[in-house]
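Just below is one structure, and these are the notes that go with it.
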Amino acid sequence: MTVQRLHHVAYRCTDARETVDFYETFLDLELATSIAENVVPSTGERYPHIHIFLEMADGGSVAFFELPESEEMTPDPNTPDWVQHLALKVENRDALRSYKQRLEEGGHSVLGPIDHSFCESIYFHDPSGHRLELTTDIGNEELHQKLRSSARPILAHWEQHRVAPDVDPLHANARNGED
């Protein structure tokens, strides 16, 4: 028995309509389901909300809750913006650049493409302020094997020292505190 794929990941949004428009217009996701309720099924508490599901090509969804009676959304003050993000895979570099152009033409600020050796990515924010990454795989099989075989040793080193090892599998050279 194994987990098969992502069914959905859920975030809060400030405006459901604005969120649907953004994800459909700029990322080609499709509104697949909208559920509006006044009571939370899992807790029984009164909490009016709409839960929207924007479907990706593989059938998984990015979902959002609009909570009109809750306090204003605020980012986690103890976590840098670049940490909490949703990364979505696109077909290739051409698609990545096409999305970048579409987002920029729509008035959205886009960082990248950034070459991470095994993938290339762009970064931007949705209307609710969530950081998003679009990424495409660029590494070869040898690099992916190297990453897989080094995953546990790097984790063990991290667990012991809480700093990166002197040699990393992506660059296979000594680190000088720069990257």
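Values in this text are rule-based calculations from the coordinates and carry no lab data. Bear in mind that the values here come from a model prediction, so they are computed numbers and not experimental data. Backbone-built Cβ (ideal geometry, glycine too); neighbour counts: all protein chains shown.
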Checklist line | Debye, to nearest 20: dipole size of the stretch 58-179, +1 on Lys, Arg Cβ, -1 on Asp, Glu Cβ | finding: 460
Next item on the list: Would you please give the residues with an amide H less than 5 Å from that of Tyr47, counting only those at least 5 places away or on a separate chain, with H modeled from the backbone geometry?
Entry: Val39, Val40
Item checked: Two-decimal Rg/Rh across the stretch 82-139, once Rg and the Kirkwood Rh are taken from alpha-carbon atoms -> 0.95
Notebook entry, point to check: According to the Kirkwood expression over distinct Cα-Cα pairs, how big is the hydrodynamic radius of the stretch 3-80, in Å?
Noted result: 13.7
Notebook entry, point to check: Just for the Cα atoms in the stretch 48-102, what are the lengths along the principal axes, largest first, rounded to whole Å?
Noted result: 42, 28, 19
Margin query: Multiplying the sequence separation of Glu72 and Glu142 by 0.36 nm and subtracting their Cα-Cα distance, what value in nm do you get?
Written below: 20.5 nm
Notebook entry, point to check: Considering only Leu132, Phe22, Phe65, whose Cα is most displaced toward the positive end of the charge dipole of the chain, charges sitting on Cβ of Lys, Arg (+1) and Asp, Glu (-1)?
Noted result: Leu132
Check: Which ³J(HN,Hα) values, rounded to whole Hz and listed in residue order, are derived for the stretch 32-41 from phi using the Karplus coefficients 6.51, -1.76 and 1.60 in 6.51 cos²θ - 1.76 cosθ + 1.60 with θ = phi - 60°, glycine and proline given as x?
Finding: 9, 8, 10, 10, 10, 9, 9, 10, 6, x
Next item on the list: Per residue of the stretch 120-136, in order, report the coupling 6.51 cos²θ - 1.76 cosθ + 1.60 (Karplus, θ = phi - 60°) as ³J(HN,Hα) in whole Hz, putting x for Gly and Pro.
Entry: 10, 9, 10, 10, 6, 10, 8, x, 8, x, 6, 7, 10, 10, 9, 9, 9
Checklist line | Furthest towards positive pole of dipole, Thr79, Gly106, Pro165, structure part the chain, Cβ charges | finding: Pro165
Notebook entry, point to check: Using the alpha-carbon centroid of each, what span in Å lies between the stretch 57-125 and the stretch 1-40?
Noted result: 14
Notebook entry, point to check: With charges only on Cβ, +1 for K and R and -1 for D and E, what is the dipole size of the stretch 88-140 about its Cα centre, in debye, rounded to 20?
Noted result: 60
Check: Of all the Cα-Cα pairs you can form in the chain, what percent are over 21 Å apart?
Finding: 62
